[in-house]
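What follows is a single structure, written as structure tokens, with notes after it.
The values are calculated or read from the model by the stated rules, or taken from the named source; none is laboratory data. Remember, it's a predicted structure, so these values are computed and weren't measured experimentally. Because the Cβ atoms are built from the backbone with ideal geometry, glycine has one as well, and the counts that use them run over all protein chains shown.
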Ligand code: NDP
């Protein structure tokens, strides 16, 4: 991008992209792999957010009255259109996040397609609760719940899996008859804007999907979540921001769904299949440069296999290929920003001060001129830390993990549950009884056995403790994005 010819990423309100006005504010979209701006983003001010909420309110009546079959057909067409423009979506996601092109293809954009198709299926097949109530004298009453859309939903999403998380919320919200005002992270505005084109072409009426770009406090994020015209907020992001948004929404008592941070554990038992476990751990620690809320940052390993697991994981970490996201052989991209790299480096320094042994990584790599300005970090593994240490207690959100030994199953469960977070865990064992037992004992929303991040979109997703409030996915999404009115008829 040159200063003379910026590629604009614009707000989308009431079915139209809004051209930036001369006096309006804007900011650069930065490619994290190079540190260079690749587009200029129009920042939505409070009046524009108000227009977006008003447009969503206006569109709500007609869209919610549209037959479910028609609504789900719009979703299916959207999935087809994302597939037709697959490479464009991949390019936009890679430019904003710096993630490897293979990951953007296989995970982010593929899941966006699946989100639209799956939630079209789920909503099309949804029934409703009904009960026949016994009354004296052999008479009955019929109770049935009519589910109505929640209304105008604010959708706030982070930068790590921008399109995946956006469509995870927008697809069920629209399928249930809601309209949405979306605020993507300021780091990753591109695919939310592209999705506006796709949804319009798929036949979604003007005003049902609006995108406002900007930051959090004092910007679009705050304007959306504090707007009196919002009927509910679905938020994915950090625990601190989530708690703040919860406070801002509280005076108006609106339904909220919060998918927040994690500090996830893996538990490796001595009978685990070593190769499969190492492959799984490598993915769970380093996928998306450790920037997945589900990523493992605590690896508890039975003492009898500790050395084997540590050696194997180090070998795999060293074989990861950092480099240009556009190179199909690249496995690992940069962190999202220099600010985030500063945060992760702070934990690397702290671990050093606490006496951690660095098995591999621990610094910032030099990759060559064109990537010198990027926010790169080395995949890092530590031993020598305990659950009392901050790098083991706080979410780092980078390609780092602490390996900690245990001696008994009870000790492993206690160590894994000794956290304020409660998002996900993975258990590695060939003993199925142990697998079920330990997986169920985890105080988390999602527990995997011999795998990680294997998702069925019909199953509930979310966390406990500092990891969030409520669940989405399958029936849980239908519950969040609708409000029931129970009707009782004496027969
Ligand atoms: P943040 O909490 O910083 O931001 C999340 C979103 O909220 C962004 O769009 C942000 O805008 C916006 N925001 C910030 N402040 C406010 C405000 N005052 N009012 C309204 N909106 C606001 O999270 P990150 O983007 O840094 O994402 C990383 C975090 O997300 C990690 O903690 C990770 O664990 C979590 N996460 C959780 C998942 C889950 O399902 N549980 C899944 C993926 C990530 P802007 O970016 O423009 O400031």
Exercise for review: Output the residues belonging to the stretch 465-483 that are more than 19 Å from residue 250 (Cα to Cα), surrounded by fewer than 19 Cβ atoms within 10 Å (Cβ to Cβ) and within 15 Å of the ligand (Cβ to nearest atom).
Suggested key: 476
Point to revise | Leading residue by the ranking (nearest to residue 273 (Cα to Cα)) among those in the stretch 428-464 that are within 12 Å of the ligand (Cβ to nearest atom) and touching a strand residue (DSSP E or B) at 6+ places or on another chain (Cβ under 6 Å) | key: 446
Review point. Can you find a residue in the stretch 19-42 that is touching a strand residue (DSSP E or B) at 6+ places or on another chain (Cβ under 8 Å) and part of a helix (DSSP H, G or I)?
Key: no
Review point. Only one residue in 415, 423, 403, 457 is out of contact with any helix residue (DSSP H, G or I) (no Cβ under 7 Å at 6 or more places or on another chain), buried (at least 16 other Cβ atoms within 10 Å of the Cβ) and touching a residue at least 60 places away in the same chain (Cβ under 8 Å), so which one is that?
Key: 415
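On the basis of being surrounded by fewer than 24 Cβ atoms within 10 Å (Cβ to Cβ), touching a residue at least 60 places away in the same chain (Cβ under 8 Å) and out of contact with any helix residue (DSSP H, G or I) (no Cβ under 6 Å at 6 or more places or on another chain), does residue 232 make the cut? I'd like the intermediate steps shown before the answer.
Working: surrounded by fewer than 24 Cβ atoms within 10 Å (Cβ to Cβ): yes; touching a residue at least 60 places away in the same chain (Cβ under 8 Å): yes; out of contact with any helix residue (DSSP H, G or I) (no Cβ under 6 Å at 6 or more places or on another chain): yes.
So residue 232 fits the description; yes.
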Revision key, fill the gap. Considering residues that are exposed (fewer than 12 other Cβ atoms within 10 Å of the Cβ), part of a loop (DSSP other than H, G, I, E, B) and within 16 Å of the ligand (Cβ to nearest atom), the number found within the stretch 317-352 is 0
Exercise for review: Return yes when residue 242 is farther than 23 Å from residue 48 by Cα and surrounded by 20 or more Cβ atoms within 10 Å (Cβ to Cβ) and no when it is not.
Suggested key: yes
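It is to be established whether one or more residues within the stretch 310-324 are within 30 Å of residue 234 (Cα to Cα) and in contact (Cβ under 8 Å) with a residue 40 or more places away in the chain. Before the answer, list the steps.
Just the residues of the stretch 310-324 that are within 30 Å of residue 234 (Cα to Cα), to begin with: none.
Checked the stretch 310-324: no residue is within 30 Å of residue 234 (Cα to Cα) and in contact (Cβ under 8 Å) with a residue 40 or more places away in the chain.
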Exercise for review: Return the only residue of 478, 457 being assigned to a loop (DSSP other than H, G, I, E, B) and within 30 Å of residue 178 (Cα to Cα).
Suggested key: 457
Study note, to complete from the structure: Listed by first then second residue, the pairs whose first member lies in the stretch 138-154 and is at positive phi and modelled with pLDDT of 95 or more, whose partner is surrounded by 13 or more Cβ atoms within 10 Å (Cβ to Cβ) and not in a strand (DSSP E or B), with beta carbons under 6 Å and at least 6 positions apart or on separate chains, are 151/231
Point to revise | Every residue from the stretch 189-223 that is within 16 Å of the ligand (Cβ to nearest atom), in a helix (DSSP H, G or I) and over 19 Å from the mean Cα position of the chain (by Cα) | key: 220, 222, 223
Review point. If you take the residues of the stretch 91-135 that are part of a loop (DSSP other than H, G, I, E, B) and more than 17 Å from the chain's Cα centre (by Cα), which of them is farthest from residue 374 (Cα to Cα)?
Key: 135
Review point. Filtering the stretch 266-295 down to residues that are in contact with a strand residue (DSSP E or B) (Cβ under 6 Å, 6 or more places away or on another chain) and in a loop (DSSP other than H, G, I, E, B), which residue is farthest from residue 107 (Cα to Cα)?
Key: 270
Practice item. Please find, within the stretch 377-395, the residue that is farthest from the ligand (Cβ to nearest atom) out of those that are in a loop (DSSP other than H, G, I, E, B), touching a helix residue (DSSP H, G or I) at 6+ places or on another chain (Cβ under 6 Å) and over 19 Å from residue 417 (Cα atoms). Key: 379
Revision key, fill the gap. Within the stretch 43-59, residues assigned to a helix (DSSP H, G or I) and either touching a strand residue (DSSP E or B) at 6+ places or on another chain (Cβ under 9 Å) or within 21 Å of residue 177 (Cβ to Cβ) (or both) come out as 48, 49, 51, 52, 53, 54, 55, 56, 57, 58, 59
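Can you tell me which of 374, 363, 355, 398 is in a loop (DSSP other than H, G, I, E, B) and at positive phi?
Details: 374 fails: at positive phi; 363 fails: at positive phi; 398 fails: at positive phi.
After ruling out the rest, the residue left standing is 355.
Going by the conditions given, is residue 248 touching a helix residue (DSSP H, G or I) at 6+ places or on another chain (Cβ under 7 Å), free of Cβ contacts under 8 Å to residues at least 40 places away in the same chain, more than 8 Å from the ligand (Cβ to nearest atom) and in a helix (DSSP H, G or I)?
Working: touching a helix residue (DSSP H, G or I) at 6+ places or on another chain (Cβ under 7 Å): yes; free of Cβ contacts under 8 Å to residues at least 40 places away in the same chain: yes; more than 8 Å from the ligand (Cβ to nearest atom): no; in a helix (DSSP H, G or I): yes.
No.
Tell me yes or no: at least one residue of the stretch 60-67 is touching a strand residue (DSSP E or B) at 6+ places or on another chain (Cβ under 8 Å) and crowded, with 19+ Cβ neighbours inside 10 Å. Give the derivation first.
Let us first name the residues in the stretch 60-67 that are touching a strand residue (DSSP E or B) at 6+ places or on another chain (Cβ under 8 Å), namely 60, 63-64.
If we keep only those that are crowded, with 19+ Cβ neighbours inside 10 Å too, we end up with 60, 63.
Yes.
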Check your understanding: Take the residues of the stretch 251-263 that are in contact with a strand residue (DSSP E or B) (Cβ under 8 Å, 6 or more places away or on another chain) and farther than 28 Å from residue 484 by Cα: which is nearest to the ligand (Cβ to nearest atom)?
Key -> 262
